[in-house]
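The values are calculated or read from the model by the stated rules, or taken from the named source; none is laboratory data. Please read these numbers as outputs of a predicted model, since none were measured by experiment. A quick note on method: Cβ atoms are made from the backbone with ideal geometry, for glycine too, and the neighbour counts reach across all protein chains shown. Heads up: the accessible areas ignore ligands, DNA and RNA and are worked out on the full protein's heavy atoms, side chains in. Shrake-Rupley method; radii C 1.70, N 1.55, O 1.52, S 1.80 Å.
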Amino acid sequence: MPKSTVALVSILLAGILAAATPVAAERTVLDFTMRSIEGGEVPLSTYRGKVLLIVNVASKCGLTPQYEGLEALYQKYGDRGLVILGFPANNFGLQEPATNTEIRNFCTVQYNVTFPMFAKIIVKGEYIDPLYAFLTDRRTNPEFAGEIKWNFTKFLIDRSGRIINRFEPKTAPEDEAVVRAIEAALEAK
(Lines give C-alpha, C1' and ligand atoms only; values in the text may rest on other atoms or scores of the structure.)
Protein backbone atom coordinates (compact mmCIF):
# COMPACT_ATOMS: atom_id res chain seq x y z
CA MET A 1 0.00 0.00 0.00
CA PRO A 2 1.42 3.43 -0.89
CA LYS A 3 2.56 5.65 1.97
CA SER A 4 -0.02 8.30 1.07
CA THR A 5 -2.84 5.72 1.38
CA VAL A 6 -1.52 4.49 4.73
CA ALA A 7 -1.28 8.08 5.96
CA LEU A 8 -4.82 8.82 4.79
CA VAL A 9 -6.19 5.68 6.46
CA SER A 10 -4.34 6.59 9.67
CA ILE A 11 -5.79 10.10 9.63
CA LEU A 12 -9.29 8.78 8.99
CA LEU A 13 -9.01 6.18 11.76
CA ALA A 14 -7.69 8.79 14.19
CA GLY A 15 -10.64 11.05 13.36
CA ILE A 16 -13.14 8.23 13.83
CA LEU A 17 -11.60 7.23 17.16
CA ALA A 18 -11.47 10.85 18.34
CA ALA A 19 -15.14 11.31 17.45
CA ALA A 20 -16.08 8.10 19.29
CA THR A 21 -14.07 8.91 22.43
CA PRO A 22 -15.76 11.53 24.59
CA VAL A 23 -13.45 14.23 25.86
CA ALA A 24 -13.68 15.13 29.52
CA ALA A 25 -16.10 18.00 28.89
CA GLU A 26 -18.44 15.71 26.95
CA ARG A 27 -18.52 12.99 29.61
CA THR A 28 -21.36 12.87 32.06
CA VAL A 29 -22.07 11.16 35.34
CA LEU A 30 -23.85 8.47 33.32
CA ASP A 31 -20.50 7.32 31.87
CA PHE A 32 -19.41 5.84 35.23
CA THR A 33 -19.95 2.39 36.69
CA MET A 34 -20.01 2.10 40.46
CA ARG A 35 -20.17 -0.80 42.92
CA SER A 36 -23.43 -1.10 44.86
CA ILE A 37 -23.30 -1.49 48.62
CA GLU A 38 -24.26 -5.14 48.06
CA GLY A 39 -21.25 -5.59 45.74
CA GLY A 40 -22.64 -5.63 42.19
CA GLU A 41 -21.55 -3.33 39.40
CA VAL A 42 -24.07 -0.57 38.58
CA PRO A 43 -23.62 1.43 35.38
CA LEU A 44 -24.91 4.89 36.23
CA SER A 45 -26.39 4.91 32.72
CA THR A 46 -29.09 2.80 34.39
CA TYR A 47 -30.42 6.14 35.64
CA ARG A 48 -30.56 7.84 32.22
CA GLY A 49 -33.71 9.97 32.09
CA LYS A 50 -33.78 10.38 35.89
CA VAL A 51 -32.78 13.37 38.00
CA LEU A 52 -30.04 12.35 40.44
CA LEU A 53 -28.95 13.73 43.77
CA ILE A 54 -25.48 12.31 44.48
CA VAL A 55 -24.46 12.58 48.14
CA ASN A 56 -21.35 11.48 50.05
CA VAL A 57 -22.69 10.12 53.33
CA ALA A 58 -21.40 9.00 56.74
CA SER A 59 -23.01 7.22 59.69
CA LYS A 60 -21.19 8.90 62.58
CA CYS A 61 -21.43 12.55 61.56
CA GLY A 62 -23.39 15.40 63.09
CA LEU A 63 -25.11 15.63 59.70
CA THR A 64 -26.10 11.94 59.61
CA PRO A 65 -29.76 12.82 60.36
CA GLN A 66 -29.83 14.19 56.79
CA TYR A 67 -30.50 10.58 55.78
CA GLU A 68 -34.06 11.23 56.93
CA GLY A 69 -34.44 14.25 54.64
CA LEU A 70 -32.84 12.41 51.72
CA GLU A 71 -35.25 9.50 52.13
CA ALA A 72 -38.18 11.93 52.37
CA LEU A 73 -37.13 13.54 49.06
CA TYR A 74 -36.82 10.10 47.47
CA GLN A 75 -40.30 9.12 48.67
CA LYS A 76 -41.85 12.43 47.59
CA TYR A 77 -40.26 12.77 44.15
CA GLY A 78 -39.20 9.24 43.22
CA ASP A 79 -42.32 8.60 41.15
CA ARG A 80 -41.53 11.78 39.19
CA GLY A 81 -38.00 10.61 38.39
CA LEU A 82 -35.74 11.63 41.30
CA VAL A 83 -33.17 9.09 42.48
CA ILE A 84 -30.91 9.71 45.46
CA LEU A 85 -27.50 7.97 45.21
CA GLY A 86 -25.65 7.58 48.52
CA PHE A 87 -21.87 7.14 48.53
CA PRO A 88 -20.42 6.38 51.98
CA ALA A 89 -16.97 7.87 52.55
CA ASN A 90 -14.61 7.87 55.51
CA ASN A 91 -12.69 11.00 54.49
CA PHE A 92 -13.84 13.37 57.21
CA GLY A 93 -13.07 12.72 60.85
CA LEU A 94 -13.19 8.95 60.23
CA GLN A 95 -16.97 9.22 60.50
CA GLU A 96 -17.69 6.20 58.30
CA PRO A 97 -15.48 3.41 59.68
CA ALA A 98 -18.06 0.64 59.10
CA THR A 99 -18.08 -2.06 56.46
CA ASN A 100 -20.53 -1.86 53.57
CA THR A 101 -22.76 -4.44 55.28
CA GLU A 102 -22.74 -2.48 58.54
CA ILE A 103 -23.48 0.76 56.68
CA ARG A 104 -26.41 -0.82 54.83
CA ASN A 105 -27.82 -2.23 58.10
CA PHE A 106 -27.43 1.12 59.87
CA CYS A 107 -29.17 3.03 57.09
CA THR A 108 -32.03 0.54 56.93
CA VAL A 109 -32.61 0.24 60.68
CA GLN A 110 -31.99 3.85 61.74
CA TYR A 111 -33.37 5.79 58.74
CA ASN A 112 -35.37 3.29 56.66
CA VAL A 113 -33.24 4.21 53.62
CA THR A 114 -34.63 2.73 50.41
CA PHE A 115 -32.70 4.84 47.88
CA PRO A 116 -29.68 3.23 46.16
CA MET A 117 -26.56 3.03 48.27
CA PHE A 118 -23.10 2.29 46.94
CA ALA A 119 -19.92 0.79 48.30
CA LYS A 120 -17.69 3.02 50.40
CA ILE A 121 -15.42 5.21 48.30
CA ILE A 122 -12.85 7.99 48.67
CA VAL A 123 -14.21 11.43 47.76
CA LYS A 124 -11.07 13.56 48.04
CA GLY A 125 -7.31 13.31 48.01
CA GLU A 126 -4.78 11.20 46.17
CA TYR A 127 -7.00 8.11 45.80
CA ILE A 128 -10.23 9.94 44.96
CA ASP A 129 -12.80 7.80 43.18
CA PRO A 130 -13.05 8.68 39.45
CA LEU A 131 -16.71 9.72 39.83
CA TYR A 132 -15.82 12.24 42.52
CA ALA A 133 -12.75 13.38 40.60
CA PHE A 134 -15.15 14.15 37.75
CA LEU A 135 -17.69 15.89 40.02
CA THR A 136 -15.06 18.12 41.63
CA ASP A 137 -12.71 18.88 38.71
CA ARG A 138 -12.86 22.41 37.29
CA ARG A 139 -12.22 21.07 33.77
CA THR A 140 -15.28 18.81 33.81
CA ASN A 141 -17.46 20.84 36.17
CA PRO A 142 -16.38 24.49 36.04
CA GLU A 143 -19.49 25.91 37.69
CA PHE A 144 -19.85 23.54 40.66
CA ALA A 145 -16.32 22.15 41.07
CA GLY A 146 -14.10 22.22 44.10
CA GLU A 147 -12.91 19.81 46.74
CA ILE A 148 -15.51 18.10 48.89
CA LYS A 149 -15.47 19.92 52.25
CA TRP A 150 -17.36 17.43 54.42
CA ASN A 151 -19.94 14.65 54.51
CA PHE A 152 -23.32 15.26 52.85
CA THR A 153 -22.18 17.40 49.92
CA LYS A 154 -24.94 17.10 47.32
CA PHE A 155 -24.65 17.23 43.51
CA LEU A 156 -27.83 17.61 41.46
CA ILE A 157 -27.64 15.89 38.07
CA ASP A 158 -30.12 16.46 35.23
CA ARG A 159 -31.82 13.74 33.18
CA SER A 160 -28.95 13.65 30.68
CA GLY A 161 -26.25 13.23 33.34
CA ARG A 162 -24.99 16.84 33.52
CA ILE A 163 -24.17 18.48 36.85
CA ILE A 164 -26.63 21.33 37.35
CA ASN A 165 -26.18 22.28 41.01
CA ARG A 166 -24.20 21.66 44.17
CA PHE A 167 -25.27 22.05 47.78
CA GLU A 168 -22.78 22.12 50.61
CA PRO A 169 -23.05 19.81 53.63
CA LYS A 170 -24.99 22.06 55.99
CA THR A 171 -27.69 22.66 53.38
CA ALA A 172 -30.36 20.21 54.46
CA PRO A 173 -32.09 18.05 51.83
CA GLU A 174 -35.41 19.71 52.65
CA ASP A 175 -33.97 23.24 52.29
CA GLU A 176 -36.09 25.38 49.98
CA ALA A 177 -33.19 25.92 47.54
CA VAL A 178 -32.66 22.16 47.18
CA VAL A 179 -36.36 21.45 46.74
CA ARG A 180 -36.76 24.23 44.14
CA ALA A 181 -33.75 22.98 42.18
CA ILE A 182 -35.04 19.39 42.24
CA GLU A 183 -38.51 20.46 41.14
CA ALA A 184 -37.08 22.55 38.28
CA ALA A 185 -34.92 19.63 37.15
CA LEU A 186 -37.91 17.29 37.25
CA GLU A 187 -40.00 19.74 35.20
CA ALA A 188 -37.30 20.05 32.50
CA LYS A 189 -37.64 17.44 29.81
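The residues packed around ILE103, meaning those with a beta-carbon under 12 Å from its beta-carbon, carry a net charge of 0 if Lys and Arg are +1 and Asp and Glu are -1.
Would you look at the GNM of the chain, springs on alpha carbons closer than 10 Å, and say which of LYS124, LYS50, LYS149 moves the most? The residue that fluctuates most here is LYS149.
Nearest 20 debye, what's the magnitude of the dipole of the chain about its Cα centre given +1 on Lys and Arg Cβ and -1 on Asp and Glu Cβ? Mind dumping the intermediate values first?
Details: 21 positive and 21 negative charges, 92 e Å.
For this selection, approximately 440 debye.
The number of Lys pairs in the chain with C-alpha atoms less than 24 Å apart, excluding pairs fewer than 8 positions apart on the same chain, is 21.
Among the GluC sites (Glu not before Pro) in segment 80-189, those located in a DSSP loop and surrounded by at most 16 other Cβ atoms within 10 Å of their own Cβ are GLU126, GLU143, GLU147, GLU174.
To put it simply, the accessible area of the chain at a 1.4 Å probe is 57 percent carbon and sulfur. The Stokes-Einstein estimate for the chain, based on a Kirkwood radius over Cα pairs and taken at 37 °C with 0.692 mPa s viscosity, is a diffusion coefficient of 186 µm²/s.
What helices does the chain have that are whole DSSP H segments, at least 24 Å long along their own axis by Cα, and with mean Kyte-Doolittle hydropathy of 0.5 or more? Answer set is 3-20. The calculated 222 nm mean residue ellipticity attributable to helices in the chain amounts to -10000 deg cm²/dmol, summing -39500 (n - 2.57) over DSSP H runs of n ≥ 4 and dividing by all residues. Averaged per residue, the chain has 52 square angstrom of accessible surface, using a 1.4 angstrom probe with ligands and nucleic acids left out.
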